[in-house]
Each structure stands twice: as C-alpha cells, then as structure tokens.
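The values are calculated or read from the model by the stated rules, or taken from the named source; none is laboratory data. Predicted model, so just to flag it, every value in this text is computed and none were measured. Because the Cβ atoms are built from the backbone with ideal geometry, glycine has one as well, and the counts that use them run over all protein chains shown.
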Amino acid sequence: MNSRELTAQVIRGEKTARTPVYGWVSANLEKQLTSEFGSVRNFEDIYEFDLAHIFGGPKPYKKEQFKELIESGEEITPEIILNIPMQPADDEKALANVKKHLDFYQADRGRFCYMQTPGIFEFHNAVFGMENHMIQMVIEPDLMKEVYKRQAQWNKKYAEAIIELGMDMIHISDDYGAQNDLMFSKDMWMEMIYPNIKVVADYVKSTGTFLSIHSDGNINRVLPELRDLGFDILHPWQETAGMSYEAYLKEYSNDFGIMGGLCVQSTLGFGDFENVKSEIERVFGILKGKRWLFCTTHFVQDHCSIEELIYAYDLIVKLARG
C-alpha cells in the first residue's frame, strides 16, 4: 500500500496499520531546510511524508489590478470588486504547474495530493483588507453576497479543472474562527458564507473527490453544517482554541476525519524539547488508529530551530509507523 492509498483509507474511516504523516514546513523554513537537507523535498523524502499540499494554479484576479487601487488610496468596495473582471479559472498555462506537482508527488512519490483553493471569506480579506472586509459585510450585505456568489462560481470552475487533473482532495482555506468563537455571528455565516461554500462542496462531492477545509480558531458552532456539507477532513481542530479531541471523538469521528496534532501556537518552536515530546506522545495516545492525519496545526514558524523540527519528526515517524 502506498501513501496515497493509506491516506484515502484513513479519510474514509477504515482501519490502517499506520498513521499518515505530513507537516506544513515549507513557508517559513525553506531557507533553513535547504541549508540542512539540500531542499524541502529532501526533508519530505527523508521522513517519507504521506501527503503533499499543492499550491499554484489560476488566480481569480490579476495582482496589478489591486495594487493600483491600494496605491491610489481609494477605499475598495463591493461595487469596485464586482466591476473587476475575473481571470479564467481553467487557464491551461497556470494549470500546467499544478500538473507538474502532481507528476512529482502523486505519480513519482505515490503521495496523496490535496490542492489549496480560495475560501469564500478568507480570500476576500486579501482583496478588501480584513477590517474593511468585515465592515463591508455589515454595511453592504447584499452587494457582498454578490461578491461571494461570483467567487463561488469561480471556485467551482477551478475545482472542476483541478479534479480533471487527478487531484485527490480539494482543500478550501477559509479562516473564520477566532480564539474563542467565530469572528462574526453564526447567523451571518449561515446567510452569507454557507450558501457559497455549498456550491463548491456539492460539486466536489458529486465527483467523488475528497473535500477538506482549513480554519484556524474555534469553529465549534458551525461544525454541524460543515459535516452536513460533506467535508471529509477538517484542519487543524485547534485544541488551544477550545476544540477538544474528546469532543471530536464523541460527536464527529463517524462523520469526518481531522488533520493536525502538532500545535505551532503552544508546542513546536519554543525550544522546550520535553514539552514537544510529551505533547506528541499525548496526541498519539488519543488519536492513533482513529480517523486522523498527522500534521502541524499551521505553518511551522521561523523561530523553530531545525534541531527541534528534526527531534519532533524523528519521534512522530517512530510513533506513526512503529
């Protein structure tokens, strides 16, 4: 059984002999990993990562369109966004890079591949600026619904193109959790965000492709809806934001799996090797053999030393495959 098959079995809730291993290590540690191992890919190969997180592909808008607006000092409003043309979601030139990643990670390495795709809410933080975005949600809700609706249709077309390439899972990055609750009311989430996530989720699930979502923070109040939308994996299931593994196992483990386990907010990157060891062992004690993909809770931060990262992954691989 290769990594791709193993990971799919775990996501489906089937019993497997070992736990799939992954980690979000490249964003902040590429320079350090390249210095120590020659490349990020070499690090991933040494620890035989079971998954690959694919980025790239077409973009909804051209960067220069927003650069000019920002530099002009003009407030970005929903009316402005709705008048900016979106780029093709199935642009062949941009998709060629995704195919290249699939050829390497899926075909050559036998890994389970999942593709980063825009979230309905999170994506527009970069468009409006987070503070202005949330203001627009309050003062222009009808226009924001049109912005989100247009994005949902683009995302659906994007997912279609990615799935046709053979991607194993569509991964939606859509942060709306704060430390103790959602960043806005559940009523607003249900009215403005949910219908547009559903457009994408319904399409992806109709193809038989796995579907995952990333949201930092406490998203307890929308878990029933995410379950009903058919999400197969939630990342990170953040204990430090009040989401206990015990609650997951009791209420949701028959419905979807989780990815995470190594917290970058409280555990990894602080030089406390004993705490790293005890936390990794504790989480494996709770989740090993369950519907769980081992991963960091977010990108490992650049204050994490390579020595600490190696120490952590030596132990992780031993527990996952021993």
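Things worth noting here:
- Just one residue in the set I197, I213 is in a strand (DSSP E or B) and not basic (K, R); that residue is I213.
- Within region 226-254, the residues that satisfy the criterion of being within 23 Å of Y114 (Cα to Cα) and under 18 Å from the mean Cα position of the chain (by Cα) are L226, R227, L229, G230, F231, D232, I233, L234, H235, P236, W237, Q238.
- Single residue of region 190-223 satisfying the filter (among the small types (G, A, S) and within 24 Å of M144 (Cβ to Cβ)) that is nearest to the chain's Cα centre (by Cα): S215
- For region 1-53, filtering for residues that are in a loop (DSSP other than H, G, I, E, B) and not hydroxyl-bearing (S, T, Y) leaves 16.
- Given (1) crowded, with 16+ Cβ neighbours inside 10 Å; (2) at pLDDT below 95, index of the condition A178 fails: (1)
- Which numbered condition L268 misses (of (1) farther than 29 Å from N155 by Cβ; (2) in contact with a Leu (Cβ under 6 Å, 6 or more places away or on another chain); (3) outside any loop (DSSP other than H, G, I, E, B)): (3)
- Taken over region 230-265, residues that are touching a residue at least 60 places away in the same chain (Cβ under 8 Å), buried (at least 22 other Cβ atoms within 10 Å of the Cβ) and not in a loop (DSSP other than H, G, I, E, B) amount to 5.
- Looking at N83, N155, just one residue is on the phi < 0 side of the Ramachandran plot and surrounded by fewer than 16 Cβ atoms within 10 Å (Cβ to Cβ), and that residue is N83.
- Candidates R4, R18 - the one that is in contact (Cβ under 8 Å) with a residue 12 or more places away in the chain and within 20 Å of the chain's Cα centre (by Cα): R4
- If you check S185, S173 for being among the hydroxyl-bearing types (S, T, Y) and either in contact with a helix residue (DSSP H, G or I) (Cβ under 7 Å, 6 or more places away or on another chain) or farther than 23 Å from P236 by Cα (or both), only one passes: S173.
- Within region 42-74, being over 29 Å from H124 (Cβ atoms), over 18 Å from the mean Cα position of the chain (by Cα) and in contact (Cβ under 8 Å) with a residue 24 or more places away in the chain holds for D45, Y47, E48.
- Subset of region 271-282 (residues that are of a type outside the set (D, E) and not in a helix (DSSP H, G or I)): G271
- Contacts under 6 angstrom Cβ, first residue in region 191-203 being surrounded by 18 or more Cβ atoms within 10 Å (Cβ to Cβ) and modelled with pLDDT of 95 or more, partner not in a helix (DSSP H, G or I) and not hydrophobic (A, V, I, L, M, F, W, C), 6 or more apart: A201/G230
- Residues within region 106-125 that are surrounded by fewer than 19 Cβ atoms within 10 Å (Cβ to Cβ), among the hydrophobic types (A, V, I, L, M, F, W, C) and either in contact (Cβ under 8 Å) with a residue 60 or more places away in the chain or touching a Lys or Arg at 6+ places or on another chain (Cβ under 8 Å) (or both), tallied: 0
- Every residue from region 49-66 that is among the charged types (D, E, K, R) and surrounded by 14 or more Cβ atoms within 10 Å (Cβ to Cβ): D50, K59
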